[in-house]
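Engineer: Here you go, one structure.
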Amino acid sequence: MKPQNPTHLAIVSVTETAYKRRRRKKTLFQMWYMQDGSGGVLVVAIAAIVAAKLLQLLWALFWRPYALTKNFRNQGIRGPPRHFYHGSLREVKELTRNAAKLVLDNSSNDITPRINPHYDKWFPEYGETLVYWHGLLPRITITDPELVKQILSNKFGFYVKPMFRPVTVIAKGLVLLHGPQWATRRRLLNPAFSMEKLKPMMHKIGSCTLEMVSEWGNRAREGGGCAKVEANAEFQRLTADIISHTAFGSSYLQGKEAFQALRQLQLLSAAKIADVFIPGSQYVPTPSNMEIWKLDRTLKNSLMNIIQGKVAASKSSDVGYGDDLLGMMIEASETTKGAKMNMNEIMDECRTFYFAGHETTSNLLTWAIFLLTMHQEWQHKLRDEVLRECGMEIPDADSLSKLKLVNMVLLETLRLYSPAIEMMRMAPQDMKLGKLQIPKGTILSIPVLKIHRSKELWGDDANEFKPMRFVNGVSMAATHPNAFLPFGMGPRVCIGQNFAMMEAKSVLALLLQRFSFTLSPDYKHTPTNNLTLQPQYGLPVFVKPL
């Protein structure tokens with residue numbers, strides 16, 4: 001008899017064992033399936049769930065978009081062709097990529113073709129009330145100020161801020177809350193942003209600005225009487241320093257790590273904003289998500305250290321939490337009945353302060369200096385007003401209130417180069433807006449750039465820099481009192497607008513006292529959308545001490 005190969009015997013043994021195991025599993029399954037018919041019930045239930053999910057998917061991908069498109073068409077609302085999954089995003093991305101190659105003339109304030117090229121193409125074809133699709137979500141553009149007022153001024157929160165994807169920049173701060181939670185948080189924070197609380201901060205604003213002024217002066221002396229500075233980067237650094245002192249009582253260096261992380265998160269968020277969001281994709285360990293997680297941890301740790309330092313300092317002194325925004329927020333949280341904020345909520349508001357508190361003002365100062373370099377006559381007018389009302393002193397609240405021309409220039413800057421490019425709201429139920437029937441889940445898009453440049457609202461010179469249009473105030477500047485929207489309007493108007501305007505006036509006054517500004521020939525007029533409106537390649541200017 002031929003001896004068996006040991007290897008062959010091992011393979012046969014393993015195969016027989018696997019076969020017996022499968023046979024045993026099959027027998028057990030058959031026994032379980034036959035017992036009282038429970039297995040059959042489970043199979044039917046699973047099949048029903050799968051069928052329901054499939055029907056839900058088909059409804060979301062095909063039937064709902066078809067039904068809504070027909071609904072909008074019956075109301076006279078048209079729009080660009082829709083892909084069943086991407087919606088209109090492919091066309092938006094292509095137009096945006098092409099627009100990014102444009103370099104505008106320095107004298108042109110018509111930046112819509114570069115920032116909102118899809119609106120620039122679609123409005124003439126479909127009208128200013130059009131529908132387009134952000135993936136599976138329909139968006140209707142609203143440019144009528146009266147309808148915008150109805151959307152933003154509703155006290156009952158009928159139109160809520162939509163959540164397209166998890167937001168890591170400002171997390172769950174006041175900007176994204178709604179309903180009772182928003183009302184409670186807003187009530188807690190309102191006192192910290194009253195003018196009486198903000199006035200003592202003017203000295204800190206002045207001190208931070210003078211440090212930058214001194215540095216510019218030294219660079220100008222070393223450069224033979226003139227220095228080239230990248231104003232946008234300088235203003236970001238300055239406003240970061242100011243918000244650190246006024247909001248957190250810390251120096252820029254202590255919060256530097258947090259600012260760097262926040263800046264990177266901002267760029268990553270801006271890159272994803274035009275993509276279709278797939279729920280759950282934020283948990284997939286892609287390189288982008290892993291970078292976001294890392295930056296988020298860095299930001300949390302930095303903010304935690306600042307907050308814990310504030311709490312520890314309050315226990316070892318008699319001044320409490322101090323007079324900065326963070327101190328007032330913690331104190332208000334502890335003294336208000338039933339409205340305490342936990343550590344995560346306080347950190348969320350710190351994110352909002354960091355982002356909105358320095359981003360808005362740095363951009364406002366950047367574009368104001370750009371416009372003043374392009375309109376030297378206004379630079380001279382503002383300097384004369386500042387020297388007349390403030391001399392060479394740090395402005396106080398009384399002297400700032402007398403800077404009428406400075407105020408008008410900043411308002412005109414906000415009109416032409418508003419940090420908020422677009423505002424979004426969502427109808428949580430079927431709504432009626434004017435003559436429009438808005439189905440549940442529809443996004444209402446308010447294109448601020450378009451409204452701020454409407455010739456029907458602002459006149460034939462809507463694209464021109466004319467600060468005197470605000471001589472009689474904001475409500476009289478256009479044909480409709482609600483055509484000016486840099487800070488929004490209604491109950492959810494930006495809580496920090498007084499702080500932003502006070503800071504911008506103070507910084508601009510101190511700079512005009514000491515320098516003249518001219519635009520560098522290296523500047524490229526390329527405004528871009530990085531969640532806020534910024535110069536893509538910075539703002540290089542020449543500063544000359546007076």
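The values are calculated or read from the model by the stated rules, or taken from the named source; none is laboratory data. Everything numeric here is computed off the predicted structure, so don't read it as measured data. Cβ coordinates were reconstructed from backbone atoms using ideal geometry, including for glycine residues, and neighbour counts include every protein chain displayed.
Engineer: Quick check on Pro138: is it at pLDDT below 95, in contact with a helix residue (DSSP H, G or I) (Cβ under 7 Å, 6 or more places away or on another chain) and assigned by TED's automatic domain parsing to the domain that holds Arg415? Lay out the reasoning, then the answer.
Structural biologist: Values: at pLDDT below 95: yes; in contact with a helix residue (DSSP H, G or I) (Cβ under 7 Å, 6 or more places away or on another chain): yes; assigned by TED's automatic domain parsing to the domain that holds Arg415: yes.
Against the criterion (at pLDDT below 95, in contact with a helix residue (DSSP H, G or I) (Cβ under 7 Å, 6 or more places away or on another chain) and assigned by TED's automatic domain parsing to the domain that holds Arg415), Pro138 qualifies.
Engineer: So is Pro545 surrounded by fewer than 21 Cβ atoms within 10 Å (Cβ to Cβ) and either touching a strand residue (DSSP E or B) at 6+ places or on another chain (Cβ under 7 Å) or among the basic types (Lys, Arg) (or both) or not? Before the answer, list the steps.
Structural biologist: Numbers: surrounded by fewer than 21 Cβ atoms within 10 Å (Cβ to Cβ): yes; either touching a strand residue (DSSP E or B) at 6+ places or on another chain (Cβ under 7 Å) or among the basic types (Lys, Arg) (or both): yes.
When the stated conditions are applied, Pro545 passes them.
Engineer: Right, next: Scan segment 234-242 and tell me whether some residue there is touching a residue at least 12 places away in the same chain (Cβ under 8 Å), exposed (fewer than 14 other Cβ atoms within 10 Å of the Cβ) and more than 17 Å from Gln513 (Cα to Cα). First the steps, then the outcome.
Structural biologist: We begin by selecting, within segment 234-242, every residue touching a residue at least 12 places away in the same chain (Cβ under 8 Å); these are 234-242.
This time we only want the ones that are exposed (fewer than 14 other Cβ atoms within 10 Å of the Cβ), so: none.
Looking for residues that are touching a residue at least 12 places away in the same chain (Cβ under 8 Å), exposed (fewer than 14 other Cβ atoms within 10 Å of the Cβ) and more than 17 Å from Gln513 (Cα to Cα), one finds none in segment 234-242, hence no.
Engineer: Taking the residues in segment 380-420 that are polar (S, T, N, Q) and closer than 24 Å to Gly459 by Cα as candidates, determine which candidate is surrounded by the most Cβ atoms within 10 Å (Cβ to Cβ).
Structural biologist: Taking segment 380-420 first, the residues polar (S, T, N, Q) are 399, 401, 407, 413, 418.
Narrowing further to those that are closer than 24 Å to Gly459 by Cα: 407, 413, 418.
Values: Asn407: 19, Thr413: 25, Ser418: 23.
Going through the qualifying residues, I end up with Thr413.
Engineer: How many residues does segment 76-109 contain that are outside any helix (DSSP H, G or I) and out of contact with any strand residue (DSSP E or B) (no Cβ under 6 Å at 6 or more places or on another chain)?
Structural biologist: Kept after step one, since they are outside any helix (DSSP H, G or I), are these residues of segment 76-109: 76-88, 100-109.
From what is left, the residues that are out of contact with any strand residue (DSSP E or B) (no Cβ under 6 Å at 6 or more places or on another chain) are 76, 78, 81, 83-86, 100-103, 105, 107-109.
Residues flagged as outside any helix (DSSP H, G or I) and out of contact with any strand residue (DSSP E or B) (no Cβ under 6 Å at 6 or more places or on another chain) within segment 76-109 amount to 15.
Engineer: Separate question: Does segment 348-355 contain at least one residue that is within 23 Å of Leu546 (Cα to Cα), assigned by TED's automatic domain parsing to the domain that holds Thr526 and not β-branched (Val, Ile, Thr)?
Structural biologist: Going through segment 348-355, the residues within 23 Å of Leu546 (Cα to Cα) turn out to be none.
No, segment 348-355 contains no residue that is within 23 Å of Leu546 (Cα to Cα), assigned by TED's automatic domain parsing to the domain that holds Thr526 and not β-branched (Val, Ile, Thr).
Engineer: Still on this model: What tally of residues in segment 102-122 results from selecting those that are under 15 Å from Arg453 (Cα atoms) and under 24 Å from the mean Cα position of the chain (by Cα)?
Structural biologist: Taking segment 102-122 first, the residues under 15 Å from Arg453 (Cα atoms) are 108-117, 119-120.
Filter once more, keeping what is under 24 Å from the mean Cα position of the chain (by Cα): 109-117, 119-120.
Total satisfying the criteria: 11.
Engineer: Residues of segment 505-539 being among the aromatic types (Phe, Trp, Tyr) and either outside the structural domain of Trp378 (by TED's automatic domain parsing) or touching a residue at least 40 places away in the same chain (Cβ under 8 Å) (or both), which ones?
Structural biologist: Taking segment 505-539 as the starting set, the residues that turn out to be among the aromatic types (Phe, Trp, Tyr) are 515, 517, 523, 537.
Within segment 505-539, Phe515, Phe517, Tyr523 qualify.
Engineer: Consider only pairs whose beta carbons are under 9 Å apart and that are at least six residues apart or on different chains; among these, list those whose first residue lies in segment 377-406 and is hydrophobic (A, V, I, L, M, F, W, C) and whose second residue is surrounded by 14 or more Cβ atoms within 10 Å (Cβ to Cβ) and not in a helix (DSSP H, G or I).
Structural biologist: From segment 377-406, the pairs are Trp378/Phe465; Leu382/Leu403; Val386/Pro395; Val386/Leu403; Cys390/Asp396; Cys390/Lys402; Cys390/Leu403; Leu403/Pro395.
Engineer: Limited to segment 519-542, what total is found for residues that are in contact with a helix residue (DSSP H, G or I) (Cβ under 6 Å, 6 or more places away or on another chain) and assigned to a loop (DSSP other than H, G, I, E, B)?
Structural biologist: Summing the residues that are in contact with a helix residue (DSSP H, G or I) (Cβ under 6 Å, 6 or more places away or on another chain) and assigned to a loop (DSSP other than H, G, I, E, B) in segment 519-542 gives 5.
Engineer: Taking segment 348-392 as the region of interest, how many residues are at pLDDT 95 or above and touching a Gly at 6+ places or on another chain (Cβ under 6 Å)?
Structural biologist: 0
Engineer: Here's a check for you: in segment 161-197, which residue that is of a type in the set (S, T, N, Q) and in a loop (DSSP other than H, G, I, E, B) is modelled with the lowest pLDDT? So that I can check it myself, show each step before the final result.
Structural biologist: Initial filter on segment 161-197 (of a type in the set (S, T, N, Q)): 168, 181, 184, 190, 194.
Right, trim to in a loop (DSSP other than H, G, I, E, B) and you get 168, 194.
Numbers: Thr168: 57, Ser194: 80.
Per the criteria, the residue is Thr168.
Engineer: Same structure again: Among the candidates Val103, Val92, single out the residue that is of a type outside the set (S, T, N, Q) and more than 20 Å from Glu125 (Cβ to Cβ).
Structural biologist: Details: Val92 fails: more than 20 Å from Glu125 (Cβ to Cβ).
Answer to the check: Val103.
Engineer: Could you pull out the residue among Asp318, Asp323 that is in a loop (DSSP other than H, G, I, E, B) and either at pLDDT 75 or above or touching a Pro at 6+ places or on another chain (Cβ under 7 Å) (or both)? Spell out how you get there, then give the answer.
Structural biologist: Numbers: Asp318 fails: either at pLDDT 75 or above or touching a Pro at 6+ places or on another chain (Cβ under 7 Å) (or both).
It is Asp323.
Engineer: Has segment 59-78 got at least one residue that is in contact with a helix residue (DSSP H, G or I) (Cβ under 9 Å, 6 or more places away or on another chain) and surrounded by 14 or more Cβ atoms within 10 Å (Cβ to Cβ)?
Structural biologist: For segment 59-78, residues in contact with a helix residue (DSSP H, G or I) (Cβ under 9 Å, 6 or more places away or on another chain) and surrounded by 14 or more Cβ atoms within 10 Å (Cβ to Cβ): present.
Engineer: Then there's this: Here is a check on your reading of the model: is Pro491 assigned to a helix (DSSP H, G or I) and more than 30 Å from Asp396 (Cβ to Cβ)? Steps first, answer last, please.
Structural biologist: Details: assigned to a helix (DSSP H, G or I): yes; more than 30 Å from Asp396 (Cβ to Cβ): yes.
Taking the combined requirement at face value, the residue satisfies it.
Engineer: Test Thr298 against the criterion of being surrounded by 14 or more Cβ atoms within 10 Å (Cβ to Cβ), part of a helix (DSSP H, G or I) and modelled with pLDDT of 80 or more, and give yes or no.
Structural biologist: yes
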